[in-house]
1. Is it the case, given these coordinates, that Ser44 is over 28 Å from Asn166 (Cβ atoms) and surrounded by fewer than 18 Cβ atoms within 10 Å (Cβ to Cβ)?
2. Identify, from the list Leu156, Leu81, Leu135, the residue that is farther than 23 Å from Ala61 by Cβ and touching a Leu at 6+ places or on another chain (Cβ under 8 Å).
3. Checking Gln151 against (1) open to solvent by less than 30 Å² (accessible area, probe 1.4 Å); (2) more than 25 Å from Val63 (Cα to Cα), only one condition comes out false. Which one?
4. How about segment 112-151: which of its residues are among the small types (Gly, Ala, Ser), out of contact with any Ser or Thr (no Cβ under 9 Å at 6 or more places or on another chain) and assigned to a helix (DSSP H, G or I)?
Amino acid sequence: VCSTASEETSSQPSETCESIGFEDAIAEDLESLLPPTWLDQVNSKVWKDKKEALTLFCAKADVPRISGSSVLGVLPSLLKLVKSDPNVLVVTEAVKAIQIIARSVREDLATECPQIVETLLSKFKDKKQIVSDALVECLGSLFEHVCSLAQVKDELQKAVRDRNPNICRQTLLV
C-alpha cells in the first residue's frame, strides 16, 4: 500500500513507507483499508474478536497518510475501548491504533486532541506496564504530530490534580 509504482525493468527500487514523507503521501481512505465488518468486530463482546480487529487495523492502517474525515467513525470506538475494556491486550492495541492515527492524520485530528488526551491520561490508573508504555508512546506521537501541550493544558492540569497517584505521576512524566 505504501509503495509507489515502479516498472519491473527499472533498476530503481520502489519507495517504502519510511521513505515517503507525510507531505508527499496521498491520503488513504480508512474504509478502503479495512473490511466492511471491521467496526462490528471491534464492538464485539468477545475480546479475541476485538484484539484481532485491532491487530488488523494496526497492520492495514500503518500508512504514511490517512484522510482525516475517514477516522471520525473509528475514533469513538477506539476511545471507548481504551476507557472501558477490561482486557489489557485489547486496550494496548487500541492505544497503538490511536498512535497510528495520530501519525497518519496529524493536524486534521487537532480538534479531537483534548478528548483523546483526556482519555489516555485517565487510563494511567491502570498499573500494567504494557498499557503505560503504550500510553506514553501514543501521547508522544500526539504531541509530536497533532497538538501542543498548550492545546491540552486543561486536560493536563486536571490529570495532575487527580486523586489517583498513578495518573498524576505519569502525567508529570509525559
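The values are calculated or read from the model by the stated rules, or taken from the named source; none is laboratory data. Since the structure is predicted, the reported quantities are computational estimates derived from the model, not experimental observations. Here Cβ is always computed from backbone atoms with ideal geometry, including for glycine, and neighbour counts include all displayed protein chains. Surface areas here come from the heavy atoms of the whole protein model, side chains and all, with no ligands, DNA or RNA. Shrake-Rupley method; radii C 1.70, N 1.55, O 1.52, S 1.80 Å.
1. Working: over 28 Å from Asn166 (Cβ atoms): yes; surrounded by fewer than 18 Cβ atoms within 10 Å (Cβ to Cβ): yes.
The answer is yes for Ser44.
2. Values: Leu81 fails: farther than 23 Å from Ala61 by Cβ; Leu135 fails: farther than 23 Å from Ala61 by Cβ.
Criteria check complete, one pass: Leu156.
3. All conditions pass for Gln151, except number (1).
4. Keep residues of segment 112-151 that are among the small types (Gly, Ala, Ser), which gives 122, 132, 134, 140-141, 148, 150.
After this cut, where a residue has to be out of contact with any Ser or Thr (no Cβ under 9 Å at 6 or more places or on another chain) as well, the list is 122, 132, 140-141, 148, 150.
Correct list: Ser122, Ser132, Gly140, Ser141, Ala150.
Let's see how each residue does on (1) open to solvent by 10 Å² or more (accessible area, probe 1.4 Å); (2) touching a residue at least 40 places away in the same chain (Cβ under 8 Å); (3) within 16 Å of Gln170 (Cα to Cα):
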residue: Thr92; (1), (2), (3): no, yes, no
residue: Val105; (1), (2), (3): no, yes, no
residue: Leu120; (1), (2), (3): no, no, yes
residue: Ile130; (1), (2), (3): yes, yes, yes
residue: Gly140; (1), (2), (3): yes, no, yes
residue: Val146; (1), (2), (3): yes, yes, no
